[in-house]
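Everything on this sheet refers to the single structure shown next.
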Amino acid sequence: MFRMDSNNTHSIADYLAQLLKDRKQLAAFPSVFVHVERLLDEEIGKVRSNLFQINGGAKEPMNLPEPSGDTVSLSEKVYVPVKEHPDFNFVGRILGPRGMTAKQLEQETCCKIMVRGKGSMRDKTKEDQNRGKPNWEHLNDELHVLITVEDTENRAKVKLQRATDEIRKLLVPSVGNDGEDELKKRQLMELAIINGTYRDSSSRGLVMPQ
């Protein structure tokens, strides 16, 4: 396996592009290299997590206690600060291209993450038409992220807290020295990788193990 420099976004993206290319080639031999497929999928997951580190901070693994008690359903609403930042595209930042950012957080936290409330739908005309109808009550509320989880209570609380913390980080507008949203740049980078249009920037940070 390659080793990457986690401080270099382009190196991480280059590495992810290579991994996805390997995964595509490996798909030509289904159920032949089972352990290699598993290891490759695990590595892809780790690299994607590095690529989407919020605010440049590494994420500590989620330590879950042993299940205790009955399964419960917990939920939390995190309101989006649209009044403080009316021109910022929070919905796009939370969801990411093709919903990839939200899906990544769902995988990491084992929670369901949904954007709800005013301004949560792309089609504003349809949103206005649905407002006030049964099952669309959330459109009367301010824009928010609804986080839900099912597990034993002791585990559900840990998962819900992690998801809430990660969403709150996404709700803090962050720009780099060039005035651009760093996370958005990474989101578009991964979209280009998946579409096969990303070009390797360099081979720096990609070295073979000794």
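List of remarks:
- Contact annotation: residue pairs with Cβ atoms under 6 Å, 6 or more positions apart or on different chains, pairing a residue in segment 108-123 that is on the phi > 0 side of the Ramachandran plot and assigned by TED's automatic domain parsing to the domain that holds Asp141 with a partner that is in a loop (DSSP other than H, G, I, E, B) and of a type in the set (Asp, Glu), are Gly117/Asp141; Gly117/Glu142.
- Count of segment 128-156 residues which are part of a helix (DSSP H, G or I) and within 20 Å of the chain's Cα centre (by Cα): 1
- Residues of segment 1-26 satisfying the condition of being modelled with pLDDT under 80, closer than 21 Å to Thr197 by Cβ and surrounded by fewer than 19 Cβ atoms within 10 Å (Cβ to Cβ): Asn8, His10
- Condition check for Ile167: in contact with a Cys (Cβ under 7 Å, 6 or more places away or on another chain) and under 20 Å from Gly99 (Cβ atoms): no
- Filter result (surrounded by 15 or more Cβ atoms within 10 Å (Cβ to Cβ) and either under 22 Å from the mean Cα position of the chain (by Cα) or part of a loop (DSSP other than H, G, I, E, B) (or both)) within segment 115-127: Val115, Arg116, Gly117, Lys118, Gly119, Ser120, Met121
- Members of segment 72-107 that are in contact with a Phe, Trp or Tyr (Cβ under 9 Å, 6 or more places away or on another chain) and either of a type in the set (Lys, Arg) or in a helix (DSSP H, G or I) (or both): Met100, Thr101, Gln104, Leu105
The values are calculated or read from the model by the stated rules, or taken from the named source; none is laboratory data. Small disclaimer: the values here were computed from a predicted structure and weren't measured. Because the Cβ atoms are built from the backbone with ideal geometry, glycine has one as well, and the counts that use them run over all protein chains shown.
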